[in-house]
Structure formats: C-alpha cells, structure tokens
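Working notes, beginning with the structure itself.
Read the figures in this text as sums done on the coordinates, not as results from a lab. Small disclaimer: the values here were computed from a predicted structure and weren't measured. Because the Cβ atoms are built from the backbone with ideal geometry, glycine has one as well, and the counts that use them run over all protein chains shown.
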Amino acid sequence: MLIRRPVVCRKMWGRKMNKSMIALSFAITFSSSFTNAALNGCSIGDSNENLNHVYFANGIAGTSLMNNTATRALELRYKAALSELDGGEYAFFSAANKSQGYLVDLAQVFQQKMDEEGISGNPYLLYHLLVSGFSIETVQHYFATFPDEGELLGEFIELATAFNSSAIEDSAITEVRHLTFYQSDLLAGKRVLIIPHSQGNLFTNTAVDAVIDINPEWGNSISYFGVASPASYTSNNADYVTAYDDFVIAALDILEDVLPANLDNDPGLLGDTRGIRNHGFMNSYFNEALSSMAVIDNGVYAMVNNLEYPESIGGTGSIRATLTWGSSRDVDLHAYEPDGSHIYYGNKVGSDGFLDVDDTSSYGPENYVVACEDVNAGEYTIGVNYFAGSSPETAEVIISLGDGRVIGPRTVILSESVGRAGNDTPITMFEVIVDDDGDGNAIYSWLARPNAF
C-alpha cells in the first residue's frame, strides 16, 4: 500500500533549562535558531524515468573475479547500444551466487534439482565425474554398469550429504538475495533483465517465479535470457541457449530432465578455445568467435523490446531501505531516525521518512524512504523483526542512497518469530550516518552490523 507523505513540522532542538527567567526567555526567543534544517540529500539523481537494471547470475563455483569480469563484459557490450536503442538508462550488476566450496555447491545443485523435479542422488556423482575430467563415454558406461549402486556412488553421496545443511542454508540466502534485488528495482519502477549462466538459471527461475507469484502485474517487467541452463524449464517463457557439445549439460541430460540443447557452437578444431567442457560463460558462450554470441545478442535485444516499465510503487530518495524474506508470513522493517522517531507498521510516518510499502503475507517487500529534501544530519538505523512464522527465516535488506550508491544486500538468519515483543528491539542491519558537507548537502557513510552478513 502506498502512503502519501503528509507535511510534517520540524521539531526544534531542545535547550537545557535553568532556573533563571532570563535564560528561559533567551531560549524561547532564539529557539527558531536551533531548528534541525533538512539537507539536500540527492547529489546524483536518476537522469530519466526509463531505468533498467541488468544482472549477471553466475553458475557453480563462481568467484568474485569471474563474476565481475562477466558483468563488466556485459556492460561494455550492451550499455551504450541498449540506451541508443530505446533511450533508457542501463546499469549492470552481479547477482552473485557466492561459492561455498565445491562440494557445498554440488549439494546445492542437488537440492535445486530435487525442488524442480524430485530427482535421485546421481547428480552428486555426475558432477564429480565431470570435474574430474572423465569423458562423456566414461560417464555413460559407469551409469550403465552401476545405475543406482556402486561403491563410488555410495561414498560420494555420503560425503556430499555432510554438506547438505550448509548447501540448504546458502541456497536459501542466495534465493532471497536475488528476490531482494529484483523486487527492490520493480518497486521503484525499473525493468529487470537477467543473464544467468549454468546454476544461475536455477536461482533465476526460483526468483522470477516468486516475483510473479507475489506481484503478477510485474510479469511483463522482468525477464531473462539463459545461458547453458541445467534447468528443466524457463520461467515466464524466457529464452535460452545451450550448445550441443556443452559437456556439463549433455552429461546431466543422461540422467535428468534438462532443457534440450539448441545450438551448434563448435567453431572447428582451429581456434576452439572453449576449454575441455565447453561450458564456461566467457570462453564458451560470450565470445565473438562463437555462434552463441549472436544468439545472446538477439535474446538481450528481444527482452528490451518486449518488456514494459512497471508502475513505481515504493518511493526513492536520499535513503531507501527495502526488506525481503522467505515464505514465513511476516517480517517487519524498522527504522530509527536522528530525532529518535521509530518507523514501522505501527507508526508508518516519521519526522523524516515513512514506510510506504508494508507486507504481511510472505516474501515482502517492505520499503522505508526518506525524500531527497527531508534528510537530516545524524544516524538512521535500519533493522528487522521476525513477527510471525513457524520456522527459521532468511531476511535481507538493501539500501539505496541519494549519492547513487547501493549498499548490500545484507542477510540475517532469524531463528524464531517473536511477535510484538520484538517491536522495541529489532535486529539492526545497517546504521547510515548523514553529515553536512558544509554547503547544505548530505554526505553518507554507514556501518553494516555484525549480526548481518
């Protein structure tokens, strides 16, 4: 629900009183000199209304360097071209699936495929054989000889099961992180375009499905083009490309339901630099020497031509905090302003900002915003309270500032719901400190609290 912000009178700074009537008279006469004047909170504004966020969602065992390299490559190829195409503004980000180690990542894929199709434990062994360098013929022979049993299969599943808990926890965090990015953008009227690679397709399917389930009206404002997908379907009728000789996807297809390969991407013996598995994003797909490059180009341009800009629901300004969580019924966003005002579902309008989106039916989002002209020097504290739910929950908060920077998202695992008892003691996620630069402009710094990560 969108709440229009009323005009709010500024509180005057308090002055220490003494028993002298002269001092009292002085304080009353000059109290107007000590009003808390708002600052100019937005030094960098949006250049136009047609704003788009483009995300790269990485696959298994992705590193920060790999993700940043891929995101930068997408930006260099598409930012200026897309802006020229439709006059919009495009910003590029990494929706990183942070690797927790090879075995945890494998367990994560297993859990995702179980959620998708309800499959057996064989993918553990499959990925192990692939990364170990076995040929496709060897993999086929192994499963023909030992379809369900075999000492190696048993040992590997036993080892991988030890990582199952970490995999489930990390998967939940990553899913909420994707959801936080996309819902935050759509709330602010931005279109969302995603280029997922490999395992990133599984996370993207889950996030896009959730976005559309929560807000069906956003179905025409978010889409993706998948690369080397291990998924069995595409969300929201998204398109994809997988090479016939992608060794990883071809091997997975032996055992499980995956999207069929749809491109001959083999450049021939001379100049084939794709690697032994023909699966990497940069060397095996996003490469001008390969046929896949033109296919990805066409997929990206088709997204731009077909998507609509959503109606802006959540406000933007000098400080904007957006909360997203999982399937539990209710997690609440809380904000404390420099004068002590406490903004949450029970008090939606503060001295500086207001809660303009409140959700009580799973996933969120909730949104707190301070307008560009209403920010004051001091500390803004952003926190969360697990109000209603029956199991541990993952919550994330992302902060956008008036100088163009985005902080987070930051994640916290909430062990149990506490209801109204937690209203006065929300878990702190961020402390945003606003200072005056001497010319009436806000400058920002922040602390991410240690109970979030």
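As a test of understanding, state the convex hull volume per residue of segment 313-358 from its alpha carbons, in Å³.
80 Å³
Give me the mean projected area, in nm² to one decimal, of the convex hull enclosing the Cα positions of segment 210-309.
Quarter of the Cα hull surface area: 7.0 nm².
Take the Cβ atoms of D239 and E416, set R0 to 35 Å, and the FRET efficiency comes out at 0.25.
What does the extension gain come out to for N262 and D86, with contour length at 0.36 nm per residue minus their alpha carbon separation? It would help to have the intermediate numbers written out before the result.
Working: separation 176, 0.36 × 176 = 63.36 nm, distance 2.91 nm.
Here the answer is 60.5 nm.
Would you please report the Å³ per residue occupied by the convex hull of the alpha carbon atoms in segment 319-448? Could you put the intermediate results ahead of the total?
Details: hull volume 11.3 nm³, N = 130.
Given the Cα convex hull of segment 319-448, per-residue volume reads 87 Å³.
Considering only alpha-carbon pairs that sit under 8 angstrom and 6 or more positions apart, the relative contact order computed for segment 319-448 is 27 percent. Taken along the Cα-to-beta-carbon direction at a fixed 7 Å, the label points for D439 and L269 span 6.6 nm.
The distance between label points at S391 and K348 comes to 3.1 nm (points 7 Å beyond Cα on the Cα→Cβ vector). Between R405 and I276, the simple spin-label model (points 7 angstrom out along Cα→Cβ) gives 4.4 nm.
Sorting 398-405, 424-431, 244-251, 54-61 by average packing, meaning the other beta carbons within 10 Å per residue, from highest down gives 54-61, 244-251, 398-405, 424-431.
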